[in-house]
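The structure under discussion appears below in the form of structure tokens.
Just so it is clear, none of the values below were taken in a lab; they were calculated from the coordinates. A quick note: this is a predicted structure, and the numbers were derived from the prediction, not measured. Every residue, glycine among them, receives a Cβ derived from its backbone with ideal geometry; neighbour counts consider all protein chains shown.
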Ligand code: SF4
């Protein structure tokens, strides 16, 4: 076992097992991991003033920062272990290399120092101590805050070391045993490289957490009440279920009805029309004389939107290839320029509504308007032009899907992205690559991806319009 398995184990036992024994062909490349690596290197490099080198030789030479280095050792009861410290930082002391020693350091995204960071540091220190022949009292957690490098010192006391030893024993037992069950908290799965593999099994076994709106708490409540899988849920009486869902208070019957219908749709593959008031009829009226489709690409950690994409749709009958798509890139040093372009474009067709999927697009434009000192009335009128198709589709339909994300819904409608295995995170990965290499190919990929996102949104709008009169 190694430090990567320990990291996975603190998130999901099954992930640690799959990383160790799973068939690699079932694993999907994760842009999150790659983005993490890039961020990590940049911040470590800044922390060590650029003096970062790789491997054992770098330790012997006494460089300030050392990466890319593995140490094998024996933990206890003949358990072989391997550490892969994210970074070793030179400090005062005495080691086998001379008048200095190294401390382990980890990178942290966000504010919270978690078990994952503490365990990694403690595990690394255990093998590093005997390797460098010097005691390690503390480790470092390195992050950025307000564009400055922040360092937190973690004392690696006996209590923490003991705890980690216990976790390592459990990890060892897990890796030797059968594959653990899928985690109850499926939110963890969204950025996991084994998601596709686990999703297939969850669907086959009828996991309740596959039903949109059912999290780990609701799933265990249902299981305690004898509703153990999606099949049972689909055939359950809505009224009886409502009586059992008192945690949802006044909404219990409404929730019960949605859960049962969602399970029925999921199993049958058939969508269910729920709209009481005809939302889609309103949509048709609003977009009749033309509209924009709008989609942004963002770096949520830096709260930076790096691309705004607009598709001009004069009417539905225009051929897709003839529609005009306008990408506006937003470089940090020229925000004003991009903001002006966006506002000019939006006001060149003042009456046109702006269709988007999810809430971030509207928030982003309102923030721009505020930054440009728009009056309250102007912001209000601009904001009233935005129509969120994600909200609209959820109000009108129960779809036979696990979630209502843009990719899931438009894939179900038959839409295909030009580039394979793409996602918002992959676009962010390309953006990071562009910043490092300045290679235009990455910008082209991002723009193609965003253009496809706009067309996917258009396909959902068409579905809502086409099926607006449908009755069950
Ligand atoms: S997809 Fe979910 S259950 Fe499967 S390994 Fe990853 S986090 Fe665990």
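Just a few scattered comments:
- Inter-centroid distance (Cα atoms) of the range 198-241 relative to the range 162-191, Å: 23 Å
- In Å, descending, principal axis extents of the Cα set of the range 100-170: 37, 33, 15
- Within the chain, helix-based [θ] at 222 nm, where runs of 4 or more DSSP H residues each add -39,500 (n - 2.57), nearest 500: -14500 deg cm²/dmol
- Two-decimal log10 I(q)/I(0) for the range 53-139, as the Debye equation yields it once each C-alpha is a single scatterer, q = 0.12 Å⁻¹: -0.34
- Taking the DSSP bridge list for the range 279-466 and keeping only pairs wholly inside it, about 75 percent are antiparallel.
- Per residue, the average separation of C-alpha pairs within less than 8 Å and at least 6 apart gives the chain a relative contact order of 13 percent.
- Counting neighbouring Cβ atoms within 10 Å and putting the fewest first, the residues 107, 325 line up as 325, 107.
- Treating each Cα of the chain as one equal point scatterer and applying the Debye formula with no solvent, the log10 of I(q)/I(0) at q = 0.06, 0.08, 0.11, 0.12 Å⁻¹ comes out as -0.36, -0.63, -1.08, -1.19.
- Where Rh is the Kirkwood radius over Cα pairs, Rg/Rh for the range 339-420: 1.06
- Relative contact order of the range 206-270, defined on C-alpha pairs under 8 angstrom at six or more residues apart (%): 34 percent
- Distance between the C-alpha centres of the range 20-42 and the range 335-394: 35 Å, rounded to the whole angstrom.
- Dimensionless Rg over Rh [the range 259-384; C-alpha; Kirkwood]: 1.04
- Cα gyration tensor category, rounded, prolate or oblate, for the range 3-176 with a/c compared to 1.5: oblate
- Cut-off 19 Å, label 7 Å out along Cα→Cβ of residue 324, residues of the range 292-314 by amide N: 292-295, 308-314
- Contour minus Cα-Cα distance for residue 229 and residue 441 (0.36 nm per residue): 71.7 nm
- For the range 213-328, the pair-distance distribution built from all alpha carbon pairs, in bins 5 Å wide starting at 0, is 2, 9, 13, 12, 9, 9, 12, 13, 11, 7, 2, 0 percent.
- Gyration tensor (alpha-carbon) shape descriptor, the range 1-81, a/c threshold 1.5: oblate
- Pairwise FRET efficiency - residue 216 versus residue 130, Cβ, R0 = 30 Å, nearest 0.05: 0.15
- Pairs of C-alpha atoms in the range 206-270 farther apart than 17 Å represent 27 percent of all such pairs.
- Whole-Å distance, taken between Cα centres, linking the range 55-134 and the range 446-468: 49 Å
- Fraction of antiparallel bridges per DSSP, the chain only, in percent to nearest 5: 75 percent
- Efficiency of FRET between residue 412 and residue 70 - r from beta-carbon atoms, R0 30 angstrom, step 0.05: 0.10
- Average projection area in nm² (convex hull over Cα atoms of the range 318-462, one quarter of hull surface): 10.2 nm²
- Each of 282, 295 was scored by other Cβ atoms within 10 Å of its Cβ. Arranged with the fewest first, they read 282, 295.
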